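Rule-based calculations on the coordinates, nothing more; no lab input. Keep in mind that what you see is a predicted model, and the values were worked out from it rather than measured. Cβ sites come from the backbone with ideal geometry, for glycine too, and all protein chains shown count toward neighbours.
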Amino acid sequence: TVGAVALDINGNLAAATSTGGLTDQLKGRVGDTPIIGGGTFANNEVCAVSCTGEGEVIMRGALAHEVYAMMKYAGHSLQAATEKAIQLHADKLQGDRGILSMDSSGKVAFGFNTGFMKRGYWAADEEPFVALWE
Amino acid sequence: MKKFAIAIHGGAETTKPSELDNKKEEAYKDGLADALKAGYDVLEKGGSALDAVEAAVNSMERNPLFNAGRGASLTERGENEFDAAIMDGNTLRVGAVGAVRYVQHPISLAKVILQKCDYCLLVGTGAEEFALANNLSLKGPEYFVTPEKKEAWLDKQQNKVEKKRMPGSMTD
């Protein structure tokens with residue numbers, strides 16, 4: 001799975017996610033990516049989110065929307081909301097999770113429970129950043 | 001407040017440093033840098049966040065290193081099936097596709113659905129017909145299936161066969 005979130009010069013946010021799914025999955029299985037609020041979500045007022053990992057876990061946890069809701073209704077920061085969404089229902093929903101999120105000021109947060117997430121960030125007039133390991 | 005910004009991911013998986021050689025790590029970093037640049041160039045020219053995230057994801061869909069588009073994982077049948085979604089934080093419009101097989105850029109089909117379709121999510125042949133109607137590029141399986149993925153799939157099938165052959169696992 002790959003994804004991107006962006007803030008443009010007009011202050012608009014967007015999120016995009018694209019995937020080939022799980023290796024050896026059943027024909028016709030659809031994961032979290034196209035489930036809005038599951039693997040992909042964006043709202044200018046709060047944040048844009050793109051998820052990766054085991055889709056069934058992300059769908060059942062509605063994780064992209066959880067990041068949005070924890071910021072909007074519980075007042076958590078982007079980083080805190082992202083990390084909480086990675087831990088959410090960890091007892092019932094075991095599996096790889098990765099969350100990329102950006103808030104309306106262009107700040108970014110990466111949350112993942114796998115120790116390895118291919119990721120990158122580039123803000124206006126700053127140097128680009130890419131990373132793989134924790 | 002940043003003037004503009006873009007962030008990307010190329011997937012999170014349970015991998016150990018010993019499983020990844022330097023050459024592969026560098027290739028991943030180059031792929032991420034290419035995708036970042038594709039999105040940043042759009043933003044720098046005053047383009048929309050929507051166009052920027054599409055450009056960044058397109059770059060990774062073309063890169064066989066990432067599990068999307070060309071070089072994506074194979075289903076139990078040894079075929080590709082793609083899902084994608086894009087959402088506009090300003091209008092809350094959405095475009096999403098599920099289980100499409102021949103669309104070269106699933107995220108671009110999702111964006112056309114966001115822009116031109118009354119529905120949010122199209123799947124399978126309906127989504128593919130919408131791609132045809134909007135002149136998006138469709139490709140045959142030979143474009144998407146890379147030798148590495150085919151080999152990984154064959155290994156997996158071999159393992160499944162061997163598991164079945166194990167004594168006591170057969171039933172008459």
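Odds and ends about this structure:
- Beta bridge orientation in chain A: antiparallel %, DSSP, nearest 5: 95 percent
- The helix-only estimate of mean residue ellipticity at 222 nm for chain A, built from DSSP H runs of length n ≥ 4 each weighted as -39500 (n - 2.57), is -5500 deg cm²/dmol after division by the residue total.
- Degrees separating the helix B:124-133 axis from the principal Cα axis of chain B, which is the longest one: 40 degrees
- Ellipticity at 222 nm from helices only: DSSP H runs of n ≥ 4 in chain B, each -39500 (n - 2.57), divided by the residue count, give -15000 deg cm²/dmol.
- Per-selection Kirkwood Rh - the protein assembly as shown (Cα, Å, 1 d.p.): 19.1 Å
- Charge dipole (chain A, unit charges on Cβ, about Cα centre) - positive-most of A:A14, A:N44, A:G31: A:G31
- Relative contact order, percent, chain B [alpha-carbon distance under 8 Å, six or more residues apart]: 16 percent
- Pairs of lysine residues in chain A - Cα separation under 20 Å, sequence separation of 8 or more or cross-chain: 5
- Axis of helix A:63-72 versus longest Cα principal axis of chain A: the two differ by about 40°, to the nearest ten degrees.
- Three-way shape label, segment A:45-134, alpha-carbon gyration tensor, a/c 1.5: oblate
- For chain B, share of DSSP beta bridges that run antiparallel, in % to the nearest 5: 65 percent
- Among the trypsin sites (Lys or Arg not before Pro) in segment A:65-134, those placed in a DSSP loop whose Cβ has at most 11 other Cβ atoms within 10 Å are A:K92.
- Mean separation of Cα contacts under 8 Å (6+ apart) over length of chain A, as relative contact order %: 20 percent
- Among the chymotrypsin sites (Phe, Trp or Tyr not before Pro) in segment A:27-133, those placed in a DSSP loop whose Cβ has at most 16 other Cβ atoms within 10 Å are A:Y73.
- Angle of helix A:78-87 to the longest C-alpha principal axis of chain A, folded into 0 to 90 degrees and rounded to 10: 10°.
- Cα shape, segment B:14-97, gyration tensor, a/c 1.5 rule: oblate
- Overall form of chain B per C-alpha gyration tensor (a/c, 1.5; a/b vs b/c): oblate
- Karplus (6.51, -1.76, 1.60) ³J(HN,Hα), θ = phi - 60°, over segment A:31-36, in Hz, Gly and Pro reported as x: x, 6, 3, x, 8, 5
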